[in-house]
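See structure below.
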């Protein structure tokens, strides 16, 4: 069928020199139609609306086309414009209406606004390039071709309980000069590292925000060097439908969509799922002092939670709070997620400060938040992983109680804290540790172990190395006098703060890292690793590197050689986990798990206890003993099944390569019924 | 703006030399110019040494030409890719679809089955 076959593929009138006709209200955004482009934007309160067209990169508009009153359907302004060069076009909207903050309206007809549905945005095409603050509409929507050839690619649908998640920052993963990739810090660079991920054994990457944001959105400087700080992590979203151009080596050519899709396709081909960290709790517009980019100028009262006086609620800690349960915003979020699943084939989402998704427009937590329910049951999202960071910055803490509708998983913050406290030798942790090891049935009863995303470290907080090398955070470089970042780190420096040459301390730190990883990778639930922890990456004690676009954050690939021992250990543990379904049981265990102490069958639950052993038994048997005590203990082992004997999989106290034996090479114990566990170490035994 | 198209036949191979930037502005005409040249021989070499830049629309045009050629039982080989063009094609996955050689003389002999 050619364009001539449609009887509406012609303009009905001319505005500002362009042939136009009344458009279709749905879908929102800019959509290519026969002969032209359909533009559609929502605003309930605007009195007038203009479509502003630019030639790509031009400082001044090419034309401004006011939407005639007849082109408005309900609260939607829609117009089809004919004869545009789609590749050379940028656009925005101008909206007029009342400026009456007390009643929620903040229209400013002098501003050209970014389309909330922009599928591609120019303006930050090359990471770090100097911003042009005078440019009208600094983040300009562009049209994108959606005919990427996926071949037979589709989301992988790996059972959640079988995932080993690896959280990474697209830029930080390959930006360091040591990465050896052809385009450091980009989607293309990450694609070149797929073989590394495959060898490590992870089967899911969780990408820190990849929606368009402005890395220059940080006014602070490093007090020591005077260097400007960045919005490096990217949690202040500018465009929710657009991949970050500065993460694409081809962003300067406007090909970020193809580049990101090529990355996803490549990861899928290697058996690795892609989860996006998405930030629907706030936007880059901040509070009253922040820039007007899009939502504020289009329909402030729809998109943001406002106090009765018209101020911004700040449940996110960043200035504003997205009005997630407003019906229009619900649709917006749903459309956005469907877009990433259908257009980009992503496998799931991790929702930043997801407790905000539960709040009503006045901020009240809802027992049945319609947005959360809608996402759980949406047909397009049906097989996506949905993971909540189940708290917000205003004290709503819902770990274990986030409304799950049988679908949602959570970042298990209690797992993190319990394992950390146990490892450093805190009293009174053994009982809770036991609960955490088996998928936290106290929190997720009826939901299964896959509801629990277990982690010891994440981007937010210390790296694993720093968890065992620092008692307190060292965030001076962030320019806030070390006031930012969490204080309750449950960390222990093993004897001295920060770098040391003391071999005893270094050895203990190495063992503590292995202990954490051994516990994590033998726990039921979904383990999540922080990228670089397998190489003992340090941030020099900074536990909040959101602003550090430098070697503090970038992964130094030289560590792969320097810390080959730890890397081998992690790789082996992941292989062990994949080889033994017993460790990944989706149901909370019953009698197939038993607890042990120094004596078999006699776990010590007393507050002073620092040793716990767990035996998992089904067709096979795995025994894991965790000793956080500073003394060794001679263990009496439980009897393995008749005809089998205990074999040693791992002992974090042993020197490499004896710290981990690869599948099939595990040696039998010298004394079949006993094992001496060294101070502060973890051992894994397998009966066969 | 146009892309100039010159073609010749040599050793049973059609060599098409392009010159200019392939963008949304030039690609429709280019596609119309190239398609008639394809199918007369079993191999078409598209020489891009005169092409400093190919846009998103341009890459799609090349892929469409390639697919049309396959339907006519003709193999398409790209040669003479500028470093940046090759990089962009690799990063966006387009390179995976094509047989790419250094230059035309590398093709004027046996071609990959």
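A compact table of results
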| read-out | value |
| --- | --- |
| The range A:262-279, residues that are more than 12 Å from chain B (Cβ to nearest Cβ), in contact with a helix residue (DSSP H, G or I) (Cβ under 7 Å, 6 or more places away or on another chain) and closer than 16 Å to residue A:342 by Cα | A:274, A:276 |
| Condition check for residue A:52: part of a strand (DSSP E or B), touching a residue at least 24 places away in the same chain (Cβ under 8 Å) and within 14 Å of chain B (Cβ to nearest Cβ) | no |
| Output for the range A:485-513, where each listed residue is touching a residue at least 40 places away in the same chain (Cβ under 8 Å) and surrounded by 17 or more Cβ atoms within 10 Å (Cβ to Cβ) | A:485, A:489, A:490, A:491, A:492, A:508, A:509, A:510, A:511, A:512, A:513 |
| Enumeration of residues in the range B:94-103 that are surrounded by fewer than 20 Cβ atoms within 10 Å (Cβ to Cβ) and either away from chain A (no Cβ under 14 Å) or not in a loop (DSSP other than H, G, I, E, B) (or both) | B:95, B:96, B:97, B:99, B:100, B:101, B:102, B:103 |
| Enumeration of residues in the range A:33-49 that are loosely packed, with under 15 Cβ neighbours inside 10 Å and either free of Cβ contacts under 8 Å to residues at least 40 places away in the same chain or out of contact with any helix residue (DSSP H, G or I) (no Cβ under 6 Å at 6 or more places or on another chain) (or both) | A:47 |
| Some residue of the range B:8-22 being within 14 Å of chain A (Cβ to nearest Cβ), in a helix (DSSP H, G or I) and touching a residue at least 24 places away in the same chain (Cβ under 8 Å) | no |
| Failed item in (1) within 31 Å of the chain's Cα centre (by Cα); (2) within 14 Å of chain B (Cβ to nearest Cβ); (3) touching a residue at least 40 places away in the same chain (Cβ under 8 Å), with residue A:147 passing the rest | (3) |
| Only one of A:83, A:92, A:97 that is under 24 Å from residue A:19 (Cα atoms) and either touching a helix residue (DSSP H, G or I) at 6+ places or on another chain (Cβ under 7 Å) or away from every other protein chain (no Cβ under 14 Å) (or both) | A:92 |
| Any chance residue A:124 is away from every other protein chain (no Cβ under 14 Å), more than 23 Å from residue B:57 (Cβ to Cβ) and touching a residue at least 40 places away in the same chain (Cβ under 8 Å) | no |
| Failed condition for residue A:595, given (1) within 20 Å of residue A:515 (Cα to Cα); (2) part of a loop (DSSP other than H, G, I, E, B) | (2) |
| Residue list for the range A:642-667, restricted to those being free of Cβ contacts under 8 Å to residues at least 60 places away in the same chain and surrounded by 13 or more Cβ atoms within 10 Å (Cβ to Cβ) | A:644, A:645, A:646, A:647, A:648, A:651, A:654, A:666 |
| Total residues in the range A:65-96, condition in a strand (DSSP E or B) and loosely packed, with under 15 Cβ neighbours inside 10 Å | 1 |
| Selection within the range B:68-93 - touching a strand residue (DSSP E or B) at 6+ places or on another chain (Cβ under 9 Å), assigned to a helix (DSSP H, G or I) and within 14 Å of another protein chain (Cβ to nearest Cβ) | B:70, B:85, B:86, B:88, B:89 |
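Each row is one residue, and each column tells you yes or no for (1) in contact with a helix residue (DSSP H, G or I) (Cβ under 6 Å, 6 or more places away or on another chain); (2) in a loop (DSSP other than H, G, I, E, B); (3) without any contact (Cβ under 8 Å) to a residue 40 or more places away in the chain.
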| site | (1), (2), (3) |
| --- | --- |
| A:299 | no, no, no |
| A:308 | no, yes, yes |
| A:317 | no, yes, no |
| A:320 | no, yes, yes |
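No lab work stands behind these numbers, since they all come straight from the coordinates. Computed from a predicted model, the values in this text were never measured in an experiment. Positions of Cβ are backbone-derived with ideal geometry, glycine not excepted, and every protein chain shown enters the neighbour counts.
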